[in-house]
1. Please give the calculated 222 nm ellipticity per residue for the chain, where each DSSP H segment of at least 4 residues contributes -39500 (n - 2.57) and the sum is spread over every residue; nearest 500 deg cm²/dmol?
2. Non-local amide H neighbours of Thr14 (under 5 Å, H modeled in plane, Pro and chain starts lacking H): which ones?
3. Given a 10 angstrom Cα cut-off, can you work out which residue in Asp89, Asp269, Asp215 is the most mobile in a GNM of the chain?
4. Output wanted: per-residue J couplings in Hz (rounded whole) for region 93-101, from phi through Karplus 6.51 cos²θ - 1.76 cosθ + 1.60, θ = phi - 60°, x for Gly and Pro.
5. Which links in Lys71/Lys211; Lys149/Lys281; Lys27/Lys211; Lys171/Lys247 stretch past 29 Å when you go from one Cα to the other?
6. When the Karplus curve 6.51 cos²θ - 1.76 cosθ + 1.60 is applied with θ = phi - 60°, which whole-Hz ³J(HN,Hα) does each residue of region 56-65 get, with x for Gly and Pro?
7. Over the heavy atoms of His145, what accessible area does a 1.4 Å probe trace out, to the nearest 10 Å²?
8. Around Asn13, under 15 Å between beta carbons, what's the net of Lys plus Arg minus Asp minus Glu among the other residues?
Amino acid sequence: MSSSLSSPSVLLNTGVQMPLLGLGTYKLVASEEVLRAVDAALAAGYRAFDSAAVYRNEADLGRALRELLPKYGLTREDVFITSKLGPKDQGERALEGALQSLSQLDLGYIDLYLIHWPGTQGLAVADQRNPGNRAQSWAVLEELHGQGKLKAIGVSNYTPAHMRELMQNCKITPAVLQVEFHPQLCQRELRSVCEEYGVCFQSYSSLGKGKLLTDPVVSEVAKNCERTPAQVLLRWAVQQGVPVLPKSSNPDRIQGNARMFDFTLSDVDMDRMSALDCGQKYCWDSSDVV
């Protein structure tokens with residue numbers, strides 16, 4: 001890992017560094033809210049921002065960055081932008097969807113573009129058209145990657161089975177798999193698959209939708225470290241080399257979440273938190289999608 005950016009980063013299989021810390025923008029919908037959150041994040045050292053077509057804030061994020069980067073003496077090349085193809089655009093509409101994301105962000109290119117979901121909006125999870133649609137979407141992402149419009153491509157919410165299927169058919173290995181990950185959902189099989197294929201495993205919902213902030217073990221570890229439960233949960237992930245995307249619109253929390261690179265959890269505390277693993281999912285479950 002490198003510290004060439006404001007926060008430590010991980011090397012993707014494309015040869016590009018991706019910051020370990022990024023701002024998740026899910027549920028940031030008002031343009032003023034996006035601007036305030038991006039401003040606070042840039043001030044706190046964030047250099048990665050995660051959006052998606054379904055978040056409906058790509059245009060606001062792009063606008064905020066164009067406005068704020070000069071304030072911090074930064075250029076487009078200093079930030080890492082992720083967005084995602086919406087489930088409604090899976091398959092035949094993938095090119096249209098990806099070009100729409102590029103247009104909405106209006107930042108010249110997207111650093112990382114993911115297929116957001118293995119299924120297709122409007123199709124049943126068991127519909128046999130899902131695998132073909134995934135393959136069609138991936139081929140489009142490969143084409144746009146070749147044109148330099150998408151610097152890296154990957155997937156989100158894929159299961160081990162979806163990952164293995166993709167690896168059998170892709171020309172370009174995905175750079176990233178982004179999934180729910182926290183001490184109650186350690187995702188050991190998925191992490192093993194990613195390691196096998198050289199795919200960066202990235203976390204979202206690192207706080208378990210806030211449910212883990214009051215967990216007794218997490219609270220005790222945080223108290224002993226003189227840190228917040230959120231900082232301890234984020235540290236647990238990045239200490240394993242897993243990039244995180246905490247989301248908040250609160251400037252104080254955005255700043256607080258960034259303070260996880262100046263302390264280390266002991267092996268005992270890491271193990272205590274990992275022992276909470278019970279397969280608990282607080283977000284979407286894609287395990288039924290064929």
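1. Value at 222 nm, helices only: -11500 deg cm²/dmol.
2. none
3. Of Asp89, Asp269, Asp215, the Gaussian network model singles out Asp215 as fluctuating most.
4. Using θ = phi - 60°, the values come out as 9, 4, 4, 4, x, 5, 5, 5, 4 Hz.
5. Check vs 29 Å cut-off fails for Lys71/Lys211; Lys149/Lys281; Lys171/Lys247.
6. Taking θ as phi minus 60°, the curve returns 6, 10, 4, 5, 5, 5, x, 5, 4, 5 Hz for region 56-65.
7. It works out to around 50 Å².
8. Net local charge, Asn13 excluded: -2.
The values are calculated or read from the model by the stated rules, or taken from the named source; none is laboratory data. This is a predicted model, so every value here is computed, not measured. Here the Cβ is made from the backbone with ideal geometry for all residues, glycine too, and neighbour counts use every protein chain on show. Quick note on the areas: whole protein, heavy atoms, side chains included, nothing else; ligands and nucleic acids left out. Shrake-Rupley method; radii C 1.70, N 1.55, O 1.52, S 1.80 Å.
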